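The structure under discussion appears below in the form of structure tokens.
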Amino acid sequence: MPAILHRPAWALPDSAATPEAIALRLDRRALLAGAGVIAATALAPDIALAQRVGDVPDPSAGLYPAKRNEAFTLDRPVTDEQANLNYNNFYEFNMSKSVARQAQALKTRPWTIAIDGMVEKPFEIGIDDLLKQVTLEERLYRHRCVEAWSMAIPWTGFPLAKLVALAKPLGSAKYVRMETFKDPSIAPGQRQTWYPWPYVEGLTIAEAGNDLAFLVTGAYGKPVAKQMGAPLRLAVPWKYGFKSIKSIVRFTFTDKQPKSYWEALQASEYGFWANVNPEVPHPRWSQAFERVLGTDERRPTLLFNGYAEQVAGLYKGLEKERLWA
Ligand code: MTE
């Protein structure tokens, strides 16, 4: 298969993503359906994004809104919720940004999470039982996609470090590998068998223990929307957005560096660390600036997406690694 067919639509900055490039990989009907969602949303957002009839109400709804942790502040306004809900990367469903409608096919209950690999004792836990073992808080985070757009989001969730503590990894574990669900019957993107499904991401145990590494269960004061990665996704705001894996079903503790989905697809462009650095361009475009979603403001991108103070220490001694995407 020629390399171009392995190139994701988002691998072009969205300003440069031509219709031809998108058409190469998109189910066209999905694109049209997505466009319909945007049009309908402008008129009736609640209807356009309502869960399908027949979906059970989210049993965790009563946990929101959670108390905001004021330690996490922004240098810009929060992105408009509707703008966020209608501009998503979720390749399991389709390869456009208009994934909201198709993602409603995701069944988020029951939702079982496996904890395995190098841990004292592997176990599985349902999302609602996990929620009983953690304290939810709201944090305002920036999010910088490798495509050079950004958002600011009020996430609700709990530190990844809390899940690591529950997992009780062995001292020999060096990484946590995370995996998204795999179910081609609901996720049309996963019928494209030349992609390395399921979506996989990984962090070192030290990164996972950094207070900024956050497991998201909610956003905008309610359970997180399906297109944003319900019912459990990662937010690692100092890294390019593709590290923030959605709809996680497995955490595996390991001593081998996990190969992420994008690294498996295009290692020359996407590495393991993927820390934001405006001075290191993507092989095909600059990372110096970002387009702020919702306002279209052009802002200079910051080292570690503005979180250097909290995370730079994680990379001391690793200067020879490919720390940037
Ligand atoms: N997780 C899964 N499982 N599948 C995906 O396609 N896309 C990633 C990341 N996590 C993706 C994923 C990319 S490229 C980005 S920028 C963010 O999710 C987008 O999150 P958002 O749609 O909530 O903005």
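The values are calculated or read from the model by the stated rules, or taken from the named source; none is laboratory data. Here the structure is a predicted model, which is why all the values come from computation and not from measurement. Cβ: placed from backbone, ideal geometry, glycine included. Neighbour counts: every protein chain shown. Protein only, heavy atoms only, side chains kept; ligands, DNA and RNA dropped before computing areas. Shrake-Rupley method; radii C 1.70, N 1.55, O 1.52, S 1.80 Å.
Here are the numbers:
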read-out: Number of positions in the range 272-304 that are surrounded by 14 or more Cβ atoms within 10 Å (Cβ to Cβ), among the polar types (S, T, N, Q) and either under 20 Å from Pro77 (Cβ atoms) or modelled with pLDDT under 95 (or both); value: 1
read-out: Qualifying residues in the range 161-184 (those that are open to solvent by less than 10 Å² (accessible area, probe 1.4 Å) and within 15 Å of the ligand (Cβ to nearest atom)) - the one farthest from Tyr307 (Cα to Cα); value: Thr180
read-out: Test for Leu130: is it among the aliphatic types (A, V, I, L, M) and more than 16 Å from the ligand (Cβ to nearest atom); value: yes
read-out: Members of the range 196-236 that are more than 17 Å from Ala61 (Cα to Cα), open to solvent by 10 Å² or more (accessible area, probe 1.4 Å) and part of a loop (DSSP other than H, G, I, E, B); value: Pro196, Trp197, Pro198, Tyr199, Asn210, Asp211
read-out: Every residue from the range 245-271 that is assigned to a loop (DSSP other than H, G, I, E, B) and surrounded by fewer than 21 Cβ atoms within 10 Å (Cβ to Cβ); value: Asp255, Lys256, Gln257, Pro258, Lys259, Ala267, Ser268, Glu269, Gly271
read-out: Which listed residue is farther than 19 Å from Val200 by Cα, in contact (Cβ under 8 Å) with a residue 24 or more places away in the chain and in a loop (DSSP other than H, G, I, E, B), from Thr79, Thr156; value: Thr79
read-out: Whichever residue in the range 140-160 is under 29 Å from Leu130 (Cα atoms) and of a type in the set (Ser, Thr, Tyr) and, among such residues, is farthest from the ligand (Cβ to nearest atom); value: Thr156
read-out: Tabulated pairs, the range 267-288, first closer than 18 Å to Glu201 by Cβ, second of a type in the set (Phe, Trp, Tyr) and open to solvent by 30 Å² or more (accessible area, probe 1.4 Å), C-beta under 8 angstrom, 6+ apart or interchain; value: Gly271/Trp324; Trp273/Trp324; Ala274/Trp324; Asn275/Trp324; Val276/Trp324
read-out: The one condition in (1) open to solvent by 20 Å² or more (accessible area, probe 1.4 Å); (2) in contact with a strand residue (DSSP E or B) (Cβ under 7 Å, 6 or more places away or on another chain) that Asp75 fails to fulfil; value: (2)
